[in-house]
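Before any comments, here is the structure.
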Amino acid sequence: MNSNFSQAIDLKIQKLHETTMRSEQFEKRMVILGFAVRTSGPFSISDIQGSGIDAGANSIRTCLLDLMSLGYVERVTVWTYRATGKAKQLFGVKG
């Protein structure tokens, strides 16, 4: 097989993998954000895990930090978070 052809295939596989990973990361953040807006009060990482979201605490924490930096989630205490009005508006949730 041609070396250039093999490198081109490797590059396409790598790009597909990166696209898939970004898609999975986006989906995980949207699931967590959906959980946040449906929860009436503050919630913790263990609450998210208890809801059936298949992710480790560090992964969830990273997602929450990203969502906080975008203004969709805010920290209530050291251990708890809540959805912001911006997140609720995005999902069409009142209050």
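Bear in mind that the values in this text are calculations on the coordinates, not laboratory data. Predicted model only: the values in this text are computed from it and were never measured. All Cβ positions, even for glycine, are placed from backbone atoms using ideal geometry, and neighbour counts span all protein chains on display.
Brief remarks on what is shown
- For the chain, dividing the convex hull volume of the Cα atoms by the residue count gives 121 Å³ per residue.
- Under the criterion of Cα pairs below 8 Å and six or more residues apart, the relative contact order for the chain equals 27 percent.
- HN-Hα J in Hz across the range 39-54 - Karplus 6.51, -1.76, 1.60, θ = phi - 60°, x for Gly and Pro: 8, 6, x, x, 9, 10, 4, 5, 5, 5, 5, x, 7, x, 6, 8
- With helices as the sole contributors, the chain gives -21500 deg cm²/dmol at 222 nm; each DSSP H run of n ≥ 4 counts as -39500 (n - 2.57), and the sum is divided by every residue.
- Rounded to 10°, Cα long-axis angle of helix 3-38 versus longest principal axis of the chain: 10 degrees
- Averaged over residues, the count of other Cβ atoms within 10 Å places the peptides 70-80, 42-52 in the sequence 42-52, 70-80, highest first.
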